[in-house]
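Report on the following structure.
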There are 4 protein chains.
Amino acid sequence: MSTLESGVILLLSCADRAGLVSRISHFIYKRGGNILDLDEHVDPVEKNFFVRVLWSAEKLSMPVSELEDAFLPLAKEFGALWKIRLTGRKTKTAIFVSRYDHCLLEILWRNSIGEFAVDIALIISNHPDLAPLAAQYGIPFHVFPLNRDNKEMVELQEIDLLQQNSIDTLVLARYMQVLSPQFVERYQNRIINIHHSFLPAFVGSSPYRQAYERGVKIIGATSHYVTEELDEGPIIEQDIMRVSHKDTLDDLVRKGRDLERLVLAKALRLHSEHRILVNGKKTVVFD
Amino acid sequence: MSTLESGVILLLSCADRAGLVSRISHFIYKRGGNILDLDEHVDPVEKNFFVRVLWSAEKLSMPVSELEDAFLPLAKEFGALWKIRLTGRKTKTAIFVSRYDHCLLEILWRNSIGEFAVDIALIISNHPDLAPLAAQYGIPFHVFPLNRDNKEMVELQEIDLLQQNSIDTLVLARYMQVLSPQFVERYQNRIINIHHSFLPAFVGSSPYRQAYERGVKIIGATSHYVTEELDEGPIIEQDIMRVSHKDTLDDLVRKGRDLERLVLAKALRLHSEHRILVNGKKTVVFD
Amino acid sequence: MSTLESGVILLLSCADRAGLVSRISHFIYKRGGNILDLDEHVDPVEKNFFVRVLWSAEKLSMPVSELEDAFLPLAKEFGALWKIRLTGRKTKTAIFVSRYDHCLLEILWRNSIGEFAVDIALIISNHPDLAPLAAQYGIPFHVFPLNRDNKEMVELQEIDLLQQNSIDTLVLARYMQVLSPQFVERYQNRIINIHHSFLPAFVGSSPYRQAYERGVKIIGATSHYVTEELDEGPIIEQDIMRVSHKDTLDDLVRKGRDLERLVLAKALRLHSEHRILVNGKKTVVFD
Amino acid sequence: MSTLESGVILLLSCADRAGLVSRISHFIYKRGGNILDLDEHVDPVEKNFFVRVLWSAEKLSMPVSELEDAFLPLAKEFGALWKIRLTGRKTKTAIFVSRYDHCLLEILWRNSIGEFAVDIALIISNHPDLAPLAAQYGIPFHVFPLNRDNKEMVELQEIDLLQQNSIDTLVLARYMQVLSPQFVERYQNRIINIHHSFLPAFVGSSPYRQAYERGVKIIGATSHYVTEELDEGPIIEQDIMRVSHKDTLDDLVRKGRDLERLVLAKALRLHSEHRILVNGKKTVVFD
């Protein structure tokens, strides 16, 4: 699963039919590519086809920039959703935060040691609290204070900023605001959220309190793509931790912090390595 | 956590106050007991006190049968819920099943090699299917066919049978029927159920189908004491297993079977070793 | 991961080179196959190629029995180790046991409900203890008592029995004897063992005692293919369980039993679904 | 498990005998203490007694500073190893690092949000690399470059520094040097190390490489008290993570980093909350 300097990734989904792998692998072979990792899945119920291919481009017989053009006819024939990416190209990413630092620090630190293939171009917050942390990692930090009346206007300013910076992916790192449907639609399957429960248990606010009061023996965290419906988007990754009667609500929050940052970080890594395809309300994750 | 032939267990809960451990441990010491394992917990919110003490009765200065009488005044003073049990004494248990064999086999086999401190006196089912399995382990198997009209009458017959056999604890090993509130009340905190989801996610029927359709990355199972409200009883134990987009609904059912039998078996072991106290809608589990 | 009545599986490894996926998928496509699941891996250090392909044979343009012949030239060209199997065809399997019943019961039960694609043709033991369990599941049980002097002769008798029954795969379900190198060589990568530790920790005898004395906080179990060197074969699957200072040696044995049977069962399932390729001293497991 | 501002903790071990809990709890009760959490364990093999008691000191009838003096006669009678600590009092701690930042950052960040009851007084390193990270958290950073000849002298300087700062506990946060027996003896059961394998597997150097070459399916990390024998000290905490054939050596290192920092952090938290007693070559951890 290591990243490769000179690799090419194709991520594609379409209605299933015979011959897809043959056609795709032939396309790669003809252009001098050597497939290093191929993961294919057919949804047996929906009859949808999903594939991720990583190939070495060392002996590529054409400029990489022309690969997309060359693949276009095939993709059209398949009626596919698809993208081709170089492994070396980093995804332009913006992080949204409020006041909690743990998820932000986790992402900034991991990125600083090269764990992600992302370029964190900027951080947006409704509070100034985390500006010093952003500064430590040299990332521009933009504060947009929110009140009852300015949400729509602020979102337009934020979108403007995101567009100016050619942002591809948004990470909500415990951002305590709900984005408008208009905003969400613009970045469909490109906004990654972390919810601090084992969805679909404990939807909404105060999931740790809900978990504490229900007396569960395991808590969880869930990273998902944001959709219009709160906490209903396609799940990317989940993880859990044991708790017991000895754990207070504060203990659940503490243990949950570890879950949140690990699960969100994993989701971002999977996304940045182009390992996730959306299948209706679910995901296909080629891990 | 091994069982001890000649040990005594006290399981007790009451409102917290200073001196409880001192009084209880003094009581034991005075009677020649040597405490081998003591676990105490105070709920910091509700201010309730919970304790489990295991002591060696080798040098017990009085017949074990008199211990309860001797302890009664203290228990009254504390306003406690409590019981004293010998580690060697097996809990009389009945298992309720329908057609799935995996939980029943798990319990019968574990009991046959001495993992539980239970005496499985009988098995009750609304179907005859598992009679041969019961016969292999030499356990009486009673069939009470259920239809739309006879539930009330059947429950009376079942209760009669349970009482004749001095049954203390009931295990619903994937028993696909809902017990009446009257039945449940009679065996409060003594009916152990296994629900095939990570409660409170996927309450009710077809939890694997619900999980499959939601696209979760982890499935679970939950063992709990049965209360009047379906799937709302105090949780004893939960566990989980990873699933992926490759898993079909059948795979979830298959993986879930392993969870169900392990979680139910663990809950029964904890219960039979007198390690569980109920704290409102939750449990205190001294594992 | 469900089994398919009319599917075909190709499992293949060879030295890596460009075009392998293209050639293989083209071969399948030309014969009317529709690939349902393809998992490919290239070892980046050894430059070896591994693939498992599952395709639907519903519209197969030729008898399945001719597929192997048709594929042979390609396989020769690649210098590949390979096999083609129908998903419906069960692997002929023999189980070796001594006195512990837990692994045997687990396998027999799982097989009885269709979890494995295996045909358990017979059970071999050096003790008569588990004959009744074998009888419950209707499996022939052969006892070969072992003493200091007869091991060589007994192995010859066992091999004779295995050959008469066209046994493909052997499962050592806590079989407490070491097979001779001659025996092992005959069934290379087809003898599955369960070792009751987290290999390479606690090689050899009494791993639970070793774990107890070392004071580890986690115990494990390991399933691996048997090679000449004891406990050194390619690892198929491992799993672990938490232990604490409260756990006695007996508790470790009890907890370990659950690990052993789950890990061995998973290894057998992976093997029976043709998901495992050996890569030197390691395995590639397409799970 | 939350910390309490005004709590008192007794951690004690001695040879077992009847009456210990009674005597200790009576001592606490007499002084107005209300026990909030008591965990007691008797090693059934070695017949050693271990206890951790947390009691509320709100109504304490004497200055806390006199508790130790008051308890001394009892401790002497029991021949006990023991300590009494206020929950509010932070343990003076020094961290030793080399060049890896992940464990250091984890500890500094967790401490900054109050997860540990430690006062990180200083950081010692044989390299200057992590000075900026120490500066971000305002912790004095001391560099002691090591070469073939100066180890003995450097250790004396380090001990001098530790003593000047009244350091109680040392954390080796991936410190790539072996401490001398003289050094270790001085801080017996007070030096916490993190080893990047699942001990006792892969002792010594390059455990990830060893794990990669062996083809294990699970990697681990182990935190233990340092003793004279390398990687042989009493184990405090272990955890594991799944790996597969897809994982390169770099992936193992990356996944292992998460294990290392979580396991070391947990060990430090347990130690700082006085939850660990050493039992020969093992630990008793009252979690």
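The values are calculated or read from the model by the stated rules, or taken from the named source; none is laboratory data. Worth saying up front: this structure is predicted, and the values here are computed from it rather than measured. Ideal geometry is used to build each Cβ from the backbone, glycine not excepted, and the neighbour counts take in all protein chains shown.
Regarding the stretch B:15-29, can at least one residue be identified that is part of a loop (DSSP other than H, G, I, E, B), closer than 28 Å to residue B:266 by Cβ and out of contact with any helix residue (DSSP H, G or I) (no Cβ under 8 Å at 6 or more places or on another chain)? Looking for residues that are part of a loop (DSSP other than H, G, I, E, B), closer than 28 Å to residue B:266 by Cβ and out of contact with any helix residue (DSSP H, G or I) (no Cβ under 8 Å at 6 or more places or on another chain), one finds none in the stretch B:15-29, hence no. The lone criterion from (1) touching a strand residue (DSSP E or B) at 6+ places or on another chain (Cβ under 6 Å); (2) more than 10 Å from chain D (Cβ to nearest Cβ); (3) over 30 Å from residue C:90 (Cβ atoms); (4) basic (Lys, Arg) left unmet by residue C:266 is number (3). Check whether at least one residue in the stretch A:75-85 is within 14 Å of another protein chain (Cβ to nearest Cβ), farther than 30 Å from residue B:250 by Cα and either surrounded by 20 or more Cβ atoms within 10 Å (Cβ to Cβ) or at pLDDT below 95 (or both), and report yes or no. Looking for residues that are within 14 Å of another protein chain (Cβ to nearest Cβ), farther than 30 Å from residue B:250 by Cα and either surrounded by 20 or more Cβ atoms within 10 Å (Cβ to Cβ) or at pLDDT below 95 (or both), one finds none in the stretch A:75-85, hence no. In this structure, residue A:260 qualifies as within 18 Å of residue A:95 (Cα to Cα) and more than 7 Å from every other protein chain (Cβ to nearest Cβ).
Taken over the stretch C:31-59, the criterion of being within 11 Å of another protein chain (Cβ to nearest Cβ), within 22 Å of residue A:16 (Cβ to Cβ) and in contact with a Ser or Thr (Cβ under 8 Å, 6 or more places away or on another chain) is satisfied by C:31, C:32, C:33, C:34, C:35, C:36, C:38, C:51, C:53, C:54, C:56, C:58.
For residue C:116, the requirement of being assigned to a loop (DSSP other than H, G, I, E, B) and in contact (Cβ under 8 Å) with a residue 40 or more places away in the chain is met. Is it the case that residue B:65 is crowded, with 19+ Cβ neighbours inside 10 Å, part of a helix (DSSP H, G or I) and not hydrophobic (A, V, I, L, M, F, W, C)? Taking the combined requirement at face value, the residue does not satisfy it. Checked against (1) out of contact with any Leu (no Cβ under 7 Å at 6 or more places or on another chain); (2) more than 13 Å from chain D (Cβ to nearest Cβ); (3) more than 27 Å from residue D:50 (Cα to Cα), residue C:282 meets all criteria but (2). Being more than 10 Å from the chain's Cα centre (by Cα) and closer than 21 Å to residue D:168 by Cα is a property that holds for residue D:233.
Among the residues of the stretch C:143-158, is any surrounded by 19 or more Cβ atoms within 10 Å (Cβ to Cβ), polar (S, T, N, Q) and not in a helix (DSSP H, G or I)? Looking for residues that are surrounded by 19 or more Cβ atoms within 10 Å (Cβ to Cβ), polar (S, T, N, Q) and not in a helix (DSSP H, G or I), one finds none in the stretch C:143-158, hence no.
Screening A:100, A:175, A:187, A:137 for residues that are out of contact with any helix residue (DSSP H, G or I) (no Cβ under 6 Å at 6 or more places or on another chain) and without any contact (Cβ under 8 Å) to a residue 40 or more places away in the chain leaves exactly one candidate, A:187.
Filtered by the rule that a residue be among the hydrophobic types (A, V, I, L, M, F, W, C) and modelled with pLDDT under 95, the stretch D:41-54 gives a lone residue, D:45.
Taking the criterion of being touching a strand residue (DSSP E or B) at 6+ places or on another chain (Cβ under 9 Å), facing another protein chain (nearest Cβ under 10 Å) and among the small types (Gly, Ala, Ser), would at least one residue in the stretch A:270-278 satisfy it? Taking every residue of the stretch A:270-278 in turn, none turns out to be touching a strand residue (DSSP E or B) at 6+ places or on another chain (Cβ under 9 Å), facing another protein chain (nearest Cβ under 10 Å) and among the small types (Gly, Ala, Ser). The set of residues in the stretch A:86-102 that are within 14 Å of chain D (Cβ to nearest Cβ) and out of contact with any Gly (no Cβ under 6 Å at 6 or more places or on another chain) comprises A:99, A:100, A:101, A:102.
Listed by position, the helices (runs of 4 or more DSSP H) contained in the stretch C:171-287 that have at least 3 residues being crowded, with 20+ Cβ neighbours inside 10 Å are C:207-214, C:249-272.
Among the candidates C:233, C:220, C:215, the residue that is modelled with pLDDT of 95 or more, touching a strand residue (DSSP E or B) at 6+ places or on another chain (Cβ under 7 Å), under 22 Å from residue D:277 (Cα atoms) and within 12 Å of chain D (Cβ to nearest Cβ) is uniquely C:215. Filter the stretch B:236-257 down to residues that are within 14 Å of chain A (Cβ to nearest Cβ) and touching a strand residue (DSSP E or B) at 6+ places or on another chain (Cβ under 8 Å), then give me how many there are. So the answer is 12. Set side by side, the residues B:95, B:107 differ, and just one is assigned to a helix (DSSP H, G or I) and closer than 30 Å to residue B:175 by Cβ, which is B:107.
Per the conditions (1) within 26 Å of residue B:243 (Cα to Cα); (2) away from every other protein chain (no Cβ under 12 Å); (3) touching a Phe, Trp or Tyr at 6+ places or on another chain (Cβ under 7 Å); (4) among the aliphatic types (A, V, I, L, M), the sole criterion not satisfied by residue C:108 is (2).
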